[in-house]
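A.B. asks: Next up is a structure, given as structure tokens.
The values are calculated or read from the model by the stated rules, or taken from the named source; none is laboratory data. Predicted model only: the values in this text are computed from it and were never measured. So basically every Cβ, Gly included, is an ideal-geometry build from the backbone, and we count neighbours across all protein chains shown. Heavy atoms of the whole protein, side chains included, go into the accessibility calculation; ligands, DNA and RNA do not. Shrake-Rupley method; radii C 1.70, N 1.55, O 1.52, S 1.80 Å.
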Amino acid sequence: MFMQTSGSPKYVESAYVMITCEDCTQSMISELESIPEIKEIHPTCGNYDVIVKIETDSVDILRQVILEKIRKIEQIRSTTILISSPVLVY
């Protein structure tokens with residue numbers, strides 16, 4: 001699922017978070033959708049259940065989103081993070 005961004009181009013910090021969950025339900029996906037820093041959500045088949053792309057203004061905010069928002073979702077059992085920044089976003 002792709003979530004559109006708007007505004008002038010700018011450099012942002014970004015990361016891909018590969019998520020393994022106990023029970024990937026629509027309610028868990030809805031919780032991910034409610035996090036404004038998540039720009040893409042991709043349910044997958046394989047070693048990970050969901051991959052999300054995060055974009056933030058700083059590394060500190062990126063870390064906060066992962067630790068305090070994503071990892072706090074009850075169904076999520078583990079995450080693997082690939083930092084891919086800075087990125088120019090249009």
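A.B. asks: So, in nm, how far is label D23 from label K10 when the simple model puts each one 7 Å beyond its Cα toward the Cβ?
C.D. replies: Taking the simple label geometry, D23 and K10 are separated by 4.0 nm.
A.B. asks: Give me the one-decimal nm value for the distance between modelled label points at I83 and C45, 7 Å along each residue's Cα-to-Cβ direction.
C.D. replies: Here the answer is 3.4 nm between the modelled labels.
A.B. asks: Taking every eigenvalue of the Cα gyration tensor of segment 39-86, multiplying by 5 and rooting it, what semi-axes result, largest first, whole Å?
C.D. replies: The answer is 19, 14, 9 Å, longest axis first.
A.B. asks: Might you tell me the accessible area per residue for segment 25-69, computed with a 1.4 Å probe and given in Å²?
C.D. replies: Dividing the accessible area of segment 25-69 by its residue count gives 53 Å².
A.B. asks: Now, a different point. Compute the separation of the alpha-carbon centres of segment 24-44 and segment 47-90 and state it in Å as a whole number.
C.D. replies: Between the Cα centre of segment 24-44 and that of segment 47-90, the gap is 11 Å.
A.B. asks: Computing the accessible area with a 1.4 Å probe over protein heavy atoms, can you report the carbon and sulfur percentage for the chain? Numbers along the way, then the final one.
C.D. replies: Numbers: 2790 of 5440 Å².
C and S atoms contribute 51 percent here.
A.B. asks: Here is a further query. Given (i) 23, 18, 11; (ii) 35, 18, 15; (iii) 22, 13, 12 as candidate values of semi-axes √(5λ) of the Cα gyration tensor in Å, which corresponds to the one derived from the coordinates?
C.D. replies: Here the calculated entry is (iii).
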